Amino acid sequence: MRQEDFIRDGERAVDLQRSNLWLIQDPERFCFGMDAVLLSAYAEIKAGERCLDMGTGTGILPLLLSAKTDAAELVGLEIQPESADMASRSVAMNIALRGENAPENGAAGENRPVRGRVRIVQGDLREATALFGRSSFDVVTCNPPYMTGGHGIVNPADAKAIARHEILCTFEDVAREAAAALRPGGRFYLVHRPFRLAEIFAALAKYGLEPKRMRLVYPYADKEPNMVLLGCVRGGRARLAVEKPLILWEKPGEYTPEVKELYGF
């Protein structure tokens with residue numbers, strides 16, 4: 001089958017620069033950004049573990065993690081039917097293009113398979129434990145909406161507004177469901193905005209998610225950080241390691257060597 005067999009009008013397939021993986025996106029809806037790529041590199045998933053990505057959008061995190069880890073299962077949970085449908089078609093497209101349709105076949109070359117490992121579920125992350133059960137995952141990831149309330153939103157039903165603003169969920173919803181879905185000692189990885197760190201830490205503490213790692217992300221070395229990566233453990237002891245800063249750009253149009261490596265350039 002061809003890419004065209006999976007793509008609808010207005011959509012396009014984006015090369016993820018990893019293991020011949022592609023992602024279907026609609027430029028009129030929300031498209032993944034650098035934060036998703038950084039989170040996929042930050043999350044640590046061991047061989048045989050199960051991972052839930054809450055608010056997966058078009059499935060960028062499960063697909064990237066399928067190339068980077070030996071997870072047994074990567075589940076993407078997405079509330080918007082259109083985005084969940086694109087994510088499901090991306091999974092099916094990659095399975096077909098990589099020759100994984102036959103049960104005896106894996107991905108080409110050394111690529112890790114998508115078939116049997118990545119699946120998309122259309123549903124509300126606020127009901128994650130009702131959908132999957134308590135303590136059912138080793139790892140939870142989330143790239144949640146960064147902005148609170150409806151400030152500046154023209155159309156609260158717009159896909160971009162839902163992805164950026166806490167319209168359908170709050171960060172407390174995310175923390176509560178992540179904690180419930182994780183087994184004791186399970187790990188929660190997220191990317192967010194530094195200006196909300198006080199609120200984030202309060203919500204994590206409320207639900208027993210102990211921050212263990214933190215890395216601030218700076219657009220340039222002389223600018224303020226605009227993202228923060230966090231790694232937490234359900235029921236972990238209090239000890240936070242603040243890791244070295246991640247600088248994105250050396251100058252306009254040129255990534256730092258570390259970011260180039262993350263993107264696979």
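Between Ala43, Ala72, which is at pLDDT 95 or above, surrounded by fewer than 21 Cβ atoms within 10 Å (Cβ to Cβ) and not acidic (Asp, Glu)?
Values: Ala43 fails: surrounded by fewer than 21 Cβ atoms within 10 Å (Cβ to Cβ).
Checking each option against the conditions leaves just Ala72.
For segment 226-236, enumerate the residues that are over 19 Å from the mean Cα position of the chain (by Cα) and surrounded by fewer than 17 Cβ atoms within 10 Å (Cβ to Cβ). Listed by number, the list holds a single entry, Gly235. Can you confirm whether Ala107 is at pLDDT 90 or above, buried (at least 21 other Cβ atoms within 10 Å of the Cβ) and over 25 Å from Leu230 (Cα atoms)? No: the conditions fail for Ala107. Given the residues Ser66, Ser90, which is the only one that is polar (S, T, N, Q), surrounded by 21 or more Cβ atoms within 10 Å (Cβ to Cβ) and within 19 Å of Val139 (Cα to Cα)? After applying the criteria, what remains is Ser66. If you go through segment 208-254 and keep only what is of a type in the set (A, V, I, L, M), under 14 Å from Phe188 (Cα atoms), touching a helix residue (DSSP H, G or I) at 6+ places or on another chain (Cβ under 9 Å) and touching a residue at least 40 places away in the same chain (Cβ under 8 Å), you end up with Leu229, Leu230.
The values are calculated or read from the model by the stated rules, or taken from the named source; none is laboratory data. If you're wondering where the values come from, they're calculated on a predicted model, not measured in any experiment. All Cβ positions, glycine included, derive from the backbone under ideal geometry; neighbour counts span all protein chains shown.
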